[in-house]
Amino acid sequence: MPTLEGYLVVSALLFGIGAFGFMARRNAILMLISIELMFNAVNLSLVAFNAFVPNDSNTGAVFGLMIMAVAAAEVTVGLALVIAIIRTRQTAEVDQYSDLRE
Amino acid sequence: MTIELLIALIPALPLVGFLFAVFVGPRLDHVPTHATHGGPEGPTDTGHGEPAAHSASHGAGPIVDDADYRSVPTEEEQRATSPHHGHADDLANAEGAQGVIPHEYDDGLGQSGHVTPGAPRPRYRSWIVPTVLVGLSWLASMVVFASVIFGGNEHEVVIYEWIASGDFHIEIGFIVDALTAMLLLVVSTVGLLVHVYSIGYMDGDRGFWRFFAYLNLFMFSMLLLILGDNFLMLYVGWEAVGLCSYALIGFWYKKPSAAGAAKKAFIVNRVGDFGFGLGIMMIWVNLGTLSFRETFETIGTLDEGTITVIALLLFAGAVGKSAQFPLHVWLPDAMEGPTPVSALIHAATMVNAGVYLVARANPIFAEAPTAMWVVASIGVFTAVFAAAIALTQNDIKKVLAYSTVSQLAYMFFALGIGAWTAAIFHLVSHGFFKGLLFMGSGSVIPGAGGEQDMRYMGNLRGPMRWTYITMVIGSLALAGIPIFAGFFSKDEILAEAFNRGYLLFYVVGVIVAFMTAFYTFRMIFMTFWGPWRGPRQAYRHIHESAPTMVAPLLILAVPTILAGLFLGIPPEGGAIHGWLGEVFHDSEEAGILPGSILSHGHEGFQLFGIGGLLLLIGAAAGIGGLLLAYRWYVQRPESAARFVERVPFGMGPGMYRASVNRYYVDDLYELVWARGGVLVSNALWWFDSRVIDGAVNGAGWVARRVGGGLRKLQTGRVENYGLGIAAGLAIVLFVYATVVR
């Protein structure tokens with residue numbers, strides 16, 4: 001029987017990978033994927049808490065579902081924007097998107 | 001017609017005249033301009049040097065554009081240029097009387113009688129309605145005067161409630177008691193005569209209708225001032241006469257000296273008026289009323305310190321309006337205005353407002369001995385100070401101006417020692433004879449070709465006989481020669497000073513009387529006697545003034561001779577005492593020093609007693625001054641200069657210079673207030689531009705620099721932002737882990 005700690009460790013690892021990927025990568029698509037990783041890490045911890053902490057209303061699971069819906073919407077918009085930018089700028093490298101700098 | 005309606009008409013008629021003159025007047029006058037008659041320089045210009053240049057400058061341009069508002073050159077304008085450029089040359093160049101007008105002002109229309117030959121005569125009708133209305137106002141005044149003085153009535157008229165706000169009630173109301181009636185007599189009479197006089201004096205001036213409009217507005221304001229039954233109405237009239245004074249001093253506003261003098265008068269008056277305004281506010285705060293009657297009934301309930309402050313603040317206004325030291329500097333400069341204005345406003349009426357104020361507020365002053373001392377001291381000092389300046393002035397109007405300051409100071413001296421009736425007596429007689437003298441000088445100056453400097457006059461008694469006779473009568477009154485008005489009124493002040501125990505003031509007063517007689521007849525002798533000292537050619541152009549100018553002189557000569565006899569006999573108990581007795585009844589005891597004659601009870605005037613002796617001393621001072629002037633300026637014209645050299649310790653020339661330079665008071669004010677004001681303003685400007693603006697600009701600078709620093713954070717690199725988010729998250733977690741838990 002896996003323990004709560006096990007789930008949380010996996011969740012933390014996933015979040016760490018996502019955060020690292022977000023900061024280390026230059027490719028906009030990969031950064032979006034990293035953000036999704038972080039979302040899922042959070043989702044994992046929420047459902048883990050829901051399963052292991054006694055409660056009657058499955059709040060954590062509901063939160064998880066909500067986050068999935070939000071993440072789906074976010075990634076739809078984000079991906080559309082990223083595709084549009086890649087089309088106009090002919091690159092996916094985010095360092096090139098510095099027009100709004102100071 | 002009820003008396004109340006008459007009283008209301010007295011100020012209302014000049015107001016109507018003012019409105020008429022403003023709205024209809026300009027259409028009634030026809031003054032030919034250059035554009036219409038052309039070639040102004042014409043045949044008279046041959047001796048002037050650059051006729052072409054002048055014609056060119058006249059032919060077109062700004063002068064024609066505002067011709068309606070352009071004042072014609074006068075003796076004042078002539079003087080403005082002459083002393084420094086050598087007026088003798090102007091006159092020497094002159095082919096005729098027209099030549100005395102400087103080119104730059106000469107548009108073919110001169111002062112009375114100087115209109116260029118061949119040019120169309122100006123036609124004036126705008127004087128008719130204003131003058132007739134002032135005449136009607138005078139009639140009403142005389143009826144009211146008779147009702148009050150001879151009928152023994154006292155009238156109060158309330159027109160309507162002006163301000164009603166909470167406890168603050170101000171009515172437009174008039175009060176006519178004996179004091180107001182005396183002022184009415186002077187203001188209406190001199191006012192009417194000045195209107196008549198101005199018809200002749202202002203002939204040839206483009207601002208004719210404007211002049212009459214101002215005069216009527218002045219009459220309205222002055223009558224409001226003396227008729228008002230509360231301090232606020234007095235204050236309104238007070239400010240309005242100040243405004244008219246400003247407008248009339250600066251009547252020839254294109255002349256810089258006149259515009260400057262007008263501003264000076266207005267600003268110096270503001271200083272005093274500020275005090276006056278504060279005084280009125282203090283009365284309101286302490287008593288809750290501004291009506292004369294209620295104020296004077298309840299003033300005794302205040303403590304003496306408060307009353308003294310109120311009295312001194314009111315007196316500050318009087319000092320400004322009546323040109324007393326240290327606010328006397330504006331009155332001599334005010335002589336830049338047309339001479340009828342000097343006669344009306346700056347000799348006979350407006351400058352008396354300060355005396356009227358103190359006399360009207362006598363219940364307040366009677367409760368404040370300290371304030372009375374201040375009034376008397378300033379009066380005595382100003383009297384001797386101004387007389388000492390008048391001794392050496394060469395400008396005929398300046399002599400009269402300083403004389404006015406000195407005589408007004410006499411009145412304050414009388415008020416300060418509690419001789420209220422004597423002060424009003426002197427006000428009345430001075431109003432008549434000083435008005436006469438100023439109008440006389442206004443007749444002399446254009447008659448003598450625009451010259452104002454007495455050193456270039458002389459021997460005018462032949463060609464200007466009527467002016468000469470009337471001016472001598474006025475001078476005899478001013479000098480205090482027996483039987484003339486000034487003798488009785490001045491002597492009464494001196495006798496009161498003696499009887500009330502002010503011996504030092506009495507002695508100074510006698511000395512001032514002597515000086516007054518001396519400088520007055522110095523003026524007469526320099527102007528009318530001796531040889532003609534102006535340019536030779538000019539003498540044959542000297543002429544008597546127009547009948548409308550001479551007639552007022554003759555009329556004013558009558559009260560100048562008779563007022564003293566009618567009002568002042570017997571001395572210290574004449575008719576005027578009976579009239580004014582009730583007004584000053586409760587204040588008569590104020591100012592009597594312990595141990596003086598009056599403190600033992602007065603036994604009345606005795607011709608062969610102290611009273612007679614004082615009368616003799618006063619007469620001797622006047623006659624002595626007259627004789628000294630005769631000796632120095634007629635018999636031995638060089639002896640004045642020799643006297644200056646003989647003053648011990650060689651102080652003579654220095655004293656003379658100091659007197660000629662008005663004891664440097666004007667220079668001191670110029671240094672302290674004008675230059676000092678510029679210095680302070682510069683310092684404040686520096687503070688404003690550096691410190692205030694610096695702080696504002698500094699705030700912007702700081703924001704910009706901080707923003708400039710912070711914008712470097714906006715790298716535009718997403719990973720940097722991500723790092724920032726992660727770092728922020730780490731910090732929040734760290735804080736949560738270490739501090740919160």
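The values are calculated or read from the model by the stated rules, or taken from the named source; none is laboratory data. Keep in mind that what you see is a predicted model, and the values were worked out from it rather than measured. Reconstructed Cβ throughout: ideal geometry from the backbone, glycine too, with neighbour counts over all protein chains shown.
Residues that are surrounded by 24 or more Cβ atoms within 10 Å (Cβ to Cβ) and within 28 Å of B:Phe168 (Cβ to Cβ) within the range B:245-278 comprise B:Asn269, B:Gly272, B:Phe276, listed in sequence order.
Quick one: would you say A:Val9 is β-branched (Val, Ile, Thr) and surrounded by 15 or more Cβ atoms within 10 Å (Cβ to Cβ)? Answer is no for this residue. Scoring B:Gly462 on the criteria (1) free of Cβ contacts under 8 Å to residues at least 40 places away in the same chain; (2) part of a helix (DSSP H, G or I) leaves a single failure, condition (2). State which residue is farthest from B:Met523 (Cα to Cα) when the search covers only the range B:618-655 and only residues that are in a loop (DSSP other than H, G, I, E, B) and without any contact (Cβ under 8 Å) to a residue 12 or more places away in the chain. Among them, the one singled out is B:Met651. Kindly indicate whether B:Ala517 is surrounded by 21 or more Cβ atoms within 10 Å (Cβ to Cβ), at pLDDT below 85 and within 30 Å of B:Leu460 (Cβ to Cβ). No: the conditions fail for B:Ala517. When the helices (runs of 4 or more DSSP H) confined to the range B:208-316 are screened for residues that are farther than 30 Å from B:Pro369 by Cβ and modelled with pLDDT of 90 or more, those reaching at least 1 such residues are found at B:208-227, B:231-249, B:256-287.
Taking the criterion of being surrounded by 10 or more Cβ atoms within 10 Å (Cβ to Cβ) and among the hydrophobic types (A, V, I, L, M, F, W, C), the residues of the range B:716-741 that qualify are B:Val718, B:Leu723, B:Ile725, B:Ala726, B:Ala727, B:Leu729, B:Ala730, B:Ile731, B:Val732, B:Leu733, B:Phe734, B:Val735.
Cβ separations smaller than 6 Å between residues 6+ apart or across chains give the following pairs from the range A:21-41 residues that are at pLDDT below 90 to residues that are among the β-branched types (Val, Ile, Thr) and surrounded by 17 or more Cβ atoms within 10 Å (Cβ to Cβ): A:Arg26/A:Val94; A:Ala28/A:Val82; A:Ala28/A:Val94. Going through (1) within 29 Å of B:Thr306 (Cα to Cα); (2) charged (D, E, K, R); (3) under 20 Å from the mean Cα position of the chain (by Cα) one by one, B:Lys264 falls short only on (1). Among all positions in the range A:74-88, there is no residue which is over 30 Å from B:Leu713 (Cα atoms), within 12 Å of the chain's Cα centre (by Cα) and in contact (Cβ under 8 Å) with a residue 12 or more places away in the chain.
Does any residue of the range B:701-713 turn out to be of a type outside the set (Val, Ile, Thr) and surrounded by 12 or more Cβ atoms within 10 Å (Cβ to Cβ)? No.
Within the range B:426-477, being small (Gly, Ala, Ser) and farther than 25 Å from B:Pro571 by Cα holds for B:Gly440, B:Ser441, B:Gly442, B:Ser443, B:Gly447, B:Ala448, B:Gly449, B:Gly450, B:Gly458, B:Gly462. Of all residue pairs spaced 6 or more apart or on separate chains, those with beta-carbon atoms under 6 Å, a first member in the range B:581-595 that is closer than 14 Å to B:Ile424 by Cα and a second member that is part of a loop (DSSP other than H, G, I, E, B) and not aromatic (Phe, Trp, Tyr) are B:Val583/B:Asp177.
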